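The values are calculated or read from the model by the stated rules, or taken from the named source; none is laboratory data. As the structure is a prediction and not an experimental result, all values here were calculated from the model. Cβ: placed from backbone, ideal geometry, glycine included. Neighbour counts: every protein chain shown.
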Amino acid sequence: MTSLNYDGIAEIVDTITSSREELNNASTPLRIVKLDRRQFLKMTGAVGGGLMLSFSAPKAIANKDTGAFQPNGYVKIDSSGIVLYAKNPEIGQGVKTSLPMIVAEELDAAWEDVTVEQSRIDQAAYGMQFAGGSTAIPMNWTALRRAGATARSMLVKAAANRWNVSVDALTTESSEVIHGSSGRRATYLELANEAAALDVPNGDSVPLKDPSDFHILGRRVTGVDNEALVRGEPLFGIDQTVPGMKYAVCQKCAAIGGTVKSANLEDIKKMSGIVDAFVLEGNDNAGELLPGVAVVADSTWAALEAKRALNIEWEETGASTDSWSDAINEAERLRHEPGPRVVDIGNVDTAFANSVKQASGFYRYAFASHAQLEPQNCTASFSDGKLELWAPTQTPGAAIMSAARIVGIQPTNVTLHQKRCGGGFGRRLYNDFVCEAAAIAKHVGVPVKLQWTREDDMAYDLYRAGGFHQMHGSVDENGKITGWRNRFITFTNDGNRPVSGGGISPGVFPGGLLENIRVEQTALEWKNRCAAWRAPGSNVFAFVVGSFLHELAHIAGRDHLEVLLEVLGEPRQLGPRGMHTGRAAGVVELAAEKAGWGRELEEGRGMGVAFYYSHAGHIAEVADVSVSEDKKVKVHKVTVAADVGPIVNLSGAENQVQGSVVDGISTMFDLAVSFENGRVQQTNFDKYSMMRMPSAPEIDVHFVRSDYPPTGLGEPAFPPLAPAVYNAIFAATGQRARTMPISEEGFTLA
Amino acid sequence: MNIKINGESRDLGDLDLRTPLLWVLRDELNLVGAKYGCGISQCGACTILVNSVAVKSCSYPVGSVGDADVTTIEGLADSDGELTAVQKAWIDLDVAQCGYCQSGQVMAAEALLRAIPNPSDDQIDQAMASNICRCGTYIRIRDAVKSAANELATDVGGGA
Ligand code: FES
Ligand code: FES
């Protein structure tokens, strides 16, 4: 067999995050270590600086034929109502509500008058349409404001024409144009026809509101799909049906890279309710189509029964033999050896030599699965050289490209209907399940809904990579941190660059803040696919650096909060995409104050603090925990202070923060994926146990609402949680845990 | 075979009696509110009511239904479409993130309030512990259950 390539997997995140802190530095030296052969290769990672995203302005498509007023892709008004189109996939981050809120604000519509619909996928008209990198709000903020303001200005012009008055004499409010001096009013619905006949003005020239006049933005608005959700209406990919549709499943090799030698296809085809069973060839791209046996049936249950009855002989030459225990052993050896330097600022050796005290610690975190609650699925129909897809994907544009390649047609012959996603967390950035559905639909010639089982989902994830950090640091006689060394051992899929989310960059905390910093990076070769997982990189680095900072504060005999603020230093901007230390200190102080930092606590109780900057969000968290003698941890309360600029939907924003905190606790306590002989050991939720309601703490959320441009909230509240809780556990017990999940050190969640 | 779902008798033909109720609802009856999450009684996404008791439909063979009353989320609202207190609380408190677990959460909450109209915090936590929310909306779910319980208590009080 040919071996798998991993082309395109990392690039998806490059495209999304641009040159954010998760990305590796160009020409970073990277040592690659083959786990199986213990062979050392020196390589130069050819890592691009990331692609810049372009966002094309909305195209004017005023529809003079239908009478509907549709000045751009975001607004449609006719006599039946105001429809706003949500352009990006909804994965639980709330954009189907928050993006239209921005349009409605500048349109000056009453939110109650608005209906929201998912827009079609058309990147020529809408620019990039995807969910990832906490980018929806920052990338669309200005364009959506202009889209709303453009529509408003045309409605005003229509009223001015009708009443023969100047536009300056008119105001708008709650979906109406008002002529104050005469008291005349006309609703947007009444004006839609006339507005549709006008030329669309240049969106750049229409005036935008002063933020102090906002009446929708910053409010608590309930999600636009909430009623449909509680009525059980079909919204998700898994709910899709199309006429004549059959149900498909696919069994892939337990060790990724394995191919089908033989299978009992004839027996399977004789089973009741089975339409077809066949070998699906892979396309050698690990991010697109993995080989397996596909079964198509009259119902999901018939397909699942047949899947269980499959007897497949696999060719595993060249397939994954990944072993987490081997990786641990190798890292244990490598942590004693210097690795290639990714960052080398000042002189850490001198700093250590001149220091008064030094600390070191070996940190480790396991692989993790996305475990989005809706298992992968996709409905596909192929006929007459055209492919139609109904997909719960985070990257519909990339899905169209990949699926077109798989079935051998031009992307222009693919139509993709965006479905609501039952969670994403980065998993649905990758469209392997879409490719699989497309290939099966083409083979059988009838529409199919492909359903992955939870077991498939756990076994064929693109995991958050595990990693190891040998940390070393020093303090001077004033208890000031003088040197910091982070010896990082990560993983590589392509033997060329660290996996997505597994590459450290100079900006990683405390980059830019300390005089003497060294970061070393070595990568272990790994076949199981690794990729972006909520707040890639930051989701694990924050745990390590946020905990180790506390270790240094502790050996210095100083208060952690005081040391953290000292490290942040004077208010300043660290590079164009870096943090602002003033905003950082602001949230640290606010979280500490709201949590009552420094107050006397009873025996066995402790508070921990952490700050992390990711996805342009400045977030500090304080955890308040109790730990019993038998290491049961009760998280009482987490206090969060966040500076992400202005808030679009207060309810949605709070929900993201609360969810990130819960996800953070869940992940740091119990979640680990391990591999032996290339096989994932955790097959379902009984072995991958997420937090449940009784463990959910009180979560107190505070937004700074600064005047900086708004930034996203799907990710940045996740990273600071783990270090805050680890530090609190140390404060409560004097025991420093350095393994994630912490259950591997005997701490359990009460 | 016939089963009673949302007050209606539905003919299922000669279905394999071992078929989990979840797939019967979703594939045969086009009631897709109940979701598939794990298939092994771990996540609760597939929760429905059988005689007002919360049941994981992924692990409940259709042959076990007998003449019991099955209620899915589609059958909660009354004939005018009026939502229950639980459903309303879910909207008012903007509980959902991705929303995928929420059908199961709503059904678990309905079952709880039918059994214990005024549950303590602990009873809420224990009853809802069988449902996972991957997005982490537990705090809002807890608040929504309380708010629905209060609403029901007020209704009853008002009528007395
Ligand atoms: S799908 Fe039934 S409990 Fe998870
Ligand atoms: S809202 Fe997404 S799983 Fe609960």
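What to note about this one:
- Members of segment B:86-120 found to be among the small types (Gly, Ala, Ser), within 16 Å of ligand 2 (Cβ to nearest atom) and in a loop (DSSP other than H, G, I, E, B), listed by number: B:ALA96, B:GLY99
- Taken over segment A:682-701, the criterion of being in contact (Cβ under 8 Å) with a residue 12 or more places away in the chain, farther than 16 Å from A:ALA750 by Cα and more than 7 Å from every other protein chain (Cβ to nearest Cβ) is satisfied by A:GLN682, A:THR683, A:TYR688, A:ASP700, A:VAL701.
- Residue tally, condition out of contact with any Phe, Trp or Tyr (no Cβ under 6 Å at 6 or more places or on another chain) and either under 30 Å from A:VAL648 (Cα atoms) or not hydrophobic (A, V, I, L, M, F, W, C) (or both), over segment A:700-742: 27
- Some residue of segment A:632-646 being touching a helix residue (DSSP H, G or I) at 6+ places or on another chain (Cβ under 8 Å) and over 22 Å from A:ALA542 (Cα atoms): yes
- Count - residues of segment A:172-194 that are in contact (Cβ under 8 Å) with a residue 12 or more places away in the chain and exposed (fewer than 13 other Cβ atoms within 10 Å of the Cβ): 3
- The single condition among (1) assigned to a strand (DSSP E or B); (2) free of Cβ contacts under 8 Å to residues at least 60 places away in the same chain that A:VAL296 does not meet is (2).
- Going through (1) in contact (Cβ under 8 Å) with a residue 24 or more places away in the chain; (2) surrounded by fewer than 22 Cβ atoms within 10 Å (Cβ to Cβ); (3) closer than 29 Å to A:ALA403 by Cβ one by one, A:LYS357 falls short only on (3).
- Those residues of segment A:204-256 which are more than 8 Å from chain B (Cβ to nearest Cβ) and not in a loop (DSSP other than H, G, I, E, B), in sequence order: A:PRO211, A:SER212, A:ASP213, A:ALA228, A:GLY237, A:LYS246, A:ALA248, A:VAL249, A:CYS250, A:GLN251, A:LYS252
- One residue alone among A:PRO723, A:PRO709 is assigned to a loop (DSSP other than H, G, I, E, B) and of a type outside the set (A, V, I, L, M), and that residue is A:PRO709.
- Flag if B:VAL106 is away from chain A (no Cβ under 12 Å) and under 15 Å from the mean Cα position of the chain (by Cα): no
- In segment B:51-85, the residues that are in a helix (DSSP H, G or I) and within 8 Å of chain A (Cβ to nearest Cβ): B:ILE73, B:GLU74
- Residue within segment A:188-195 that is on the phi > 0 side of the Ramachandran plot and within 42 Å of the chain's Cα centre (by Cα) present: no
- Taking every residue in segment A:365-386 that is within 13 Å of chain B (Cβ to nearest Cβ) and touching a residue at least 60 places away in the same chain (Cβ under 8 Å) and pairing it with any residue that is within 14 Å of ligand 2 (Cβ to nearest atom) and aliphatic (A, V, I, L, M), at least 6 positions away or on another chain, the pairs with Cβ-Cβ distances below 7 Å are A:ALA371/A:MET690; A:GLU374/A:ILE238; A:ASN377/A:ILE238.
- Matching residues in segment B:19-33 - criterion: being assigned to a loop (DSSP other than H, G, I, E, B) and closer than 16 Å to B:ASP69 by Cα: B:LEU29, B:LEU31
- Residue match in segment A:72-81 (condition: within 16 Å of ligand 2 (Cβ to nearest atom) and at pLDDT 50 or above): no
- Single residue of segment B:1-39 satisfying the filter (closer than 18 Å to A:ALA302 by Cβ and small (Gly, Ala, Ser)) that is nearest to the chain's Cα centre (by Cα): B:GLY39
- Among the candidates B:ALA89, B:ALA96, residue that is more than 9 Å from every other protein chain (Cβ to nearest Cβ), surrounded by 18 or more Cβ atoms within 10 Å (Cβ to Cβ) and within 26 Å of A:GLN93 (Cβ to Cβ): B:ALA89
- Entry remark, segment A:95-122: residues being part of a loop (DSSP other than H, G, I, E, B) and within 23 Å of A:ASP213 (Cβ to Cβ) number 3 in total.
- Here B:ASP122 fulfils each of the conditions (1) surrounded by 15 or more Cβ atoms within 10 Å (Cβ to Cβ); (2) within 11 Å of chain A (Cβ to nearest Cβ) apart from (1).
- A single member of A:GLN451, A:GLN521 is crowded, with 23+ Cβ neighbours inside 10 Å, touching a residue at least 60 places away in the same chain (Cβ under 8 Å) and within 16 Å of ligand 1 (Cβ to nearest atom), and it is A:GLN451.
- Residue within segment A:148-157 that is surrounded by fewer than 20 Cβ atoms within 10 Å (Cβ to Cβ) and over 25 Å from A:ALA616 (Cα atoms) present: yes
- Put simply, of B:ILE48, B:ILE132 the only residue that is within 15 Å of ligand 1 (Cβ to nearest atom), β-branched (Val, Ile, Thr) and assigned to a loop (DSSP other than H, G, I, E, B) is B:ILE132.
- Residues of segment B:15-41 satisfying the condition of being buried (at least 24 other Cβ atoms within 10 Å of the Cβ), of a type in the set (Gly, Ala, Ser) and within 8 Å of ligand 1 (Cβ to nearest atom): B:GLY37
- Any hit, segment A:44-55, residues being at pLDDT below 50, more than 16 Å from ligand 2 (Cβ to nearest atom) and not in a loop (DSSP other than H, G, I, E, B): yes
- Listed conditions (1) farther than 27 Å from A:HIS370 by Cα; (2) at the interface with chain A (Cβ under 10 Å from one of its Cβ atoms); (3) within 16 Å of ligand 1 (Cβ to nearest atom) are all met by B:ALA111, apart from (2).
- Of residues in segment B:54-73 being away from ligand 2 (no atom under 16 Å from the Cβ) and aliphatic (A, V, I, L, M), the one farthest from B:LEU17 (Cα to Cα): B:ALA54
- Scanning segment B:32-41 for residues that are more than 14 Å from A:PHE685 (Cβ to Cβ), facing chain A (nearest Cβ under 7 Å) and in contact (Cβ under 8 Å) with a residue 24 or more places away in the chain returns a single hit, B:GLY33.
- Within segment A:433-448, the set of residues being under 26 Å from A:PHE718 (Cβ atoms) and surrounded by fewer than 24 Cβ atoms within 10 Å (Cβ to Cβ) is empty.
- Among the conditions (1) closer than 30 Å to A:LYS687 by Cα; (2) within 16 Å of ligand 2 (Cβ to nearest atom); (3) surrounded by fewer than 23 Cβ atoms within 10 Å (Cβ to Cβ), B:GLY44 misses just one, which is (3).
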